[in-house]
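K.L.:
Got a structure for you, written out below as structure tokens; questions coming shortly.
The values are calculated or read from the model by the stated rules, or taken from the named source; none is laboratory data. Predicted model, so just to flag it, every value in this text is computed and none were measured. Please note: Cβ atoms are built from the backbone with ideal geometry, for glycine as well, and neighbour counts cover all protein chains shown. Calculation scope for accessible area: heavy atoms of the full protein, side chains included, ligands and nucleic acids excluded. Shrake-Rupley method; radii C 1.70, N 1.55, O 1.52, S 1.80 Å.
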Amino acid sequence: MSSSTKPRFITFEGIDGAGKSSHIGFVVDLLEARGMRVTSTREPGGTALGEQLRTVLLHQKMHLETEALLMFASRREHLAQVIEPALARGDWVISDRFTDATFAYQGGGRHLSLAKLEQLEQWVHPHLQPDLTLLFDVPLDVARRRLDATRSLDKFEQEQDDFFAGVRGEYLRRAAQFPARFRIIDSTQSMDEVRMALAAIVAHL
Ligand code: TMP
């Protein structure tokens, strides 16, 4: 990494079926080819405890506030053990989801008060925000077709269209609220077109 390049925190977001996860390796490879050290991780999860919480969160029904609190509990551990140390040693960090997902899923999808989520965000990471958030956006019917073609669905993936409409709406609202940080990727495009868009964004970092 050149000494003038500050490490960055990049997050990937989107509704289930938007196809973001298939592009993370591509962006990691692009950054590594430019000499960056990259820590690639995910939420919920990213630590041993976080992965245990992920299993519970993705498969067990619970009160919606319990769900939000466990998302932030996983995140607290993730920040302490993975994200903050990686940024401190100069790595770029790529996370498959972060706090925008909680606003979108627990806020937009489950209608938990955004003010409560903002309080948790202020508690858990008052001073850290991603430098760049790539929002993979697709209409619900495209996401649904992609999900239907996959393996057994987890608790979130089994939700109905009105849930995903709320999730997508909140993602797009946040993208409009924080335009300096968000880039919206039209994920209805072909794999190659999405990669070209990502390469152009990475080239400008
Ligand atoms: P993934 O399938 O992209 O790995 O994400 C796991 C699921 O967890 C996905 O359906 C979105 C959901 N989720 C939330 O509901 N809130 C959150 O804060 C995070 C990080 C994920």
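K.L.:
Test each condition in (1) away from the ligand (no atom under 13 Å from the Cβ); (2) crowded, with 18+ Cβ neighbours inside 10 Å; (3) closer than 19 Å to Lys155 by Cα for Asp137 and report the one that comes out false.
P.N.:
Only one criterion in (1) away from the ligand (no atom under 13 Å from the Cβ); (2) crowded, with 18+ Cβ neighbours inside 10 Å; (3) closer than 19 Å to Lys155 by Cα is unmet by Asp137, namely (3).
K.L.:
Among the residues of the range 118-158, which ones are acidic (Asp, Glu), within 21 Å of Phe72 (Cα to Cα) and outside any helix (DSSP H, G or I)? Break it down stepwise before answering.
P.N.:
Our first condition is that a residue be acidic (Asp, Glu); within the range 118-158, this holds for 118, 121, 131, 137, 141, 148, 154, 157.
Those still in the list that are within 21 Å of Phe72 (Cα to Cα) too: 118, 121, 131, 154, 157.
Passing the criteria: Asp131, Asp154, Glu157.
K.L.:
Among residues belonging to the range 71-103 that are among the acidic types (Asp, Glu) and out of contact with any Phe, Trp or Tyr (no Cβ under 6 Å at 6 or more places or on another chain), point out the one that is farthest from the ligand (Cβ to nearest atom). Please lay out each step first, then the result.
P.N.:
Within the range 71-103, the first condition is being among the acidic types (Asp, Glu), and the residues that meet it are 77, 84, 91, 96, 100.
Filter again for out of contact with any Phe, Trp or Tyr (no Cβ under 6 Å at 6 or more places or on another chain), leaving 77, 84, 91, 100.
On the way: Glu77: 13, Glu84: 17, Asp91: 20, Asp100: 8 Å.
Once the filter is applied, the top-ranked residue is Asp91.
K.L.:
Name the pairs whose Cβ atoms lie under 7 Å apart, with the first residue in the range 32-60 and basic (Lys, Arg), the second in a loop (DSSP other than H, G, I, E, B), and 6 or more positions between them or separate chains?
P.N.:
Sorted first by the residue in the range 32-60, then by its partner, the pairs are Arg37/Met1; Arg37/Gly90; Arg37/Asp91; Arg42/Arg97; Arg54/Pro44; Arg54/Gly45.
K.L.:
Could you check the range 87-111 and list, in sequence order, the residues that are part of a helix (DSSP H, G or I), buried (at least 21 other Cβ atoms within 10 Å of the Cβ) and not acidic (Asp, Glu)?
P.N.:
Across the range 87-111, the qualifying residues are Thr99, Ala101, Thr102, Phe103, Ala104, Tyr105, Gln106, Gly107, Gly108, Gly109.
K.L.:
Among the residues of the range 59-79 satisfying the criterion of being touching a Lys or Arg at 6+ places or on another chain (Cβ under 8 Å) and either surrounded by 19 or more Cβ atoms within 10 Å (Cβ to Cβ) or hydrophobic (A, V, I, L, M, F, W, C) (or both), which is farthest from Ser22 (Cα to Cα)?
P.N.:
Step by step, filter the range 59-79, then rank; the result is Leu64.
K.L.:
With (1) touching a Ser or Thr at 6+ places or on another chain (Cβ under 8 Å); (2) within 13 Å of the ligand (Cβ to nearest atom); (3) of a type outside the set (Asp, Glu); (4) modelled with pLDDT under 95 as the list, and Ala143 as the residue in question, which single condition is left unmet?
P.N.:
(1)
K.L.:
One residue is enough: does the range 46-58 have a residue meeting the conditions modelled with pLDDT of 95 or more, open to solvent by 20 Å² or more (accessible area, probe 1.4 Å), on the phi > 0 side of the Ramachandran plot and not basic (Lys, Arg)?
P.N.:
Yes, the range 46-58 has at least one match.
K.L.:
Select from the range 35-45 the residues that are loosely packed, with under 15 Cβ neighbours inside 10 Å and among the aliphatic types (A, V, I, L, M) and list them in ascending order. Quick ask: steps written out before the conclusion?
P.N.:
First, pick out the residues of the range 35-45 that are loosely packed, with under 15 Cβ neighbours inside 10 Å: 35, 37.
Listed by number, the list is empty, since nothing qualifies.
Residue by residue, here is whether (1) in a helix (DSSP H, G or I); (2) touching a helix residue (DSSP H, G or I) at 6+ places or on another chain (Cβ under 6 Å) holds:
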site: Ser22; (1), (2): yes, no
site: Asp29; (1), (2): yes, no
site: Glu32; (1), (2): yes, no
site: Thr41; (1), (2): no, yes
site: Leu53; (1), (2): yes, yes
site: Leu57; (1), (2): yes, yes
site: Phe72; (1), (2): yes, yes
site: Pro85; (1), (2): yes, no
